[in-house]
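Working notes for the structure below.
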Amino acid sequence: MAGDRMTGAAHAVLALGSNLGDRWALLRAAVRQLDELLGVTACSPVYETAPVGGPEQDDYLNAVVLAAPAPPGELLAAVRAVEERARRARTVRWGPRTLDVDVIALGTLRSDDPEILIPHPRAHLRAFVCVPWLDVDPEATLPGHGRVADLVARMTDAGELVGLRRTAGRLRGDGPAGAAGAPTRAGETGEGGASA
């Protein structure tokens, strides 16, 4: 567990995505490693989504985890270490990747450091971030954009959840029951892609 914790934020919000290799194994390993480095307090269901932007590529598996709050630099170091262990290659912007981990929010903290923008500048546009985040934190608020429930309601009304498919699998024991792997339609579907 990390030692020097942030005060004032209940948790850090991290978005995970993978569309290369064994996506399930990569995401499960990422959750375990993030738990070791930061302390994961909740893990959302997994959603399968079509990519957003970038070259033609396979669908992503996406999830959101809540971790113990930590200073932005510590969060950045942790997510980069986890991506490196997954052999993440940064060759094409919004291109396919073994693992993508983005820091989405840290309470009300705002950072304009180009190395770690908080809150994530496109999170409010991404159903594959907002929907799983809402699953693990129904009272979530995205600084500058309001309640995540309201963002998801607007996406639903605009038909932006077409293509977002909740899977039956889980990344750790506190998720929904079901066999890993097979996606199921959840009535809500939408925009997707792991590149938050």
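Every number in this text was worked out from the coordinates using simple rules, so none of it is lab data. On a predicted model such as this, the values are computed, not experimentally measured, just so you know. So basically every Cβ, Gly included, is an ideal-geometry build from the backbone, and we count neighbours across all protein chains shown.
Numbers at a glance
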item	result
Between region 8-32 and region 68-89, the alpha-carbon center distance in angstrom	10
Radius, Kirkwood style, for region 12-166 when every pair of distinct Cα atoms is counted (Å)	15.5
Computed E for Asp113/Ala10 - FRET, C-beta separation, R0 30 angstrom, nearest 0.05	0.85
Computed label-point distance, nm, for sites Arg172 and Arg87 using a 7 Å Cα→Cβ extension	2.5
In sequence order, calculated HN-Hα J values of region 138-154 (Karplus, 6.51, -1.76, 1.60; Hz; x Gly/Pro)	x, 9, 4, 10, 9, x, x, 10, x, 5, 5, 4, 5, 4, 5, 4, 5
Packing-based order for 64-71, 42-49, 28-35, using average beta carbon neighbours within 10 Å, highest first	42-49, 64-71, 28-35
Cα centroid separation - region 128-149 against region 37-62, whole Å	15
Glu56 paired with His145, simple spin-label distance in nm, labels 7 Å along Cα-to-beta-carbon	2.9
Separation of the Arg80 and Asp157 label points, Cα + 7 Å toward Cβ, nm	4.1
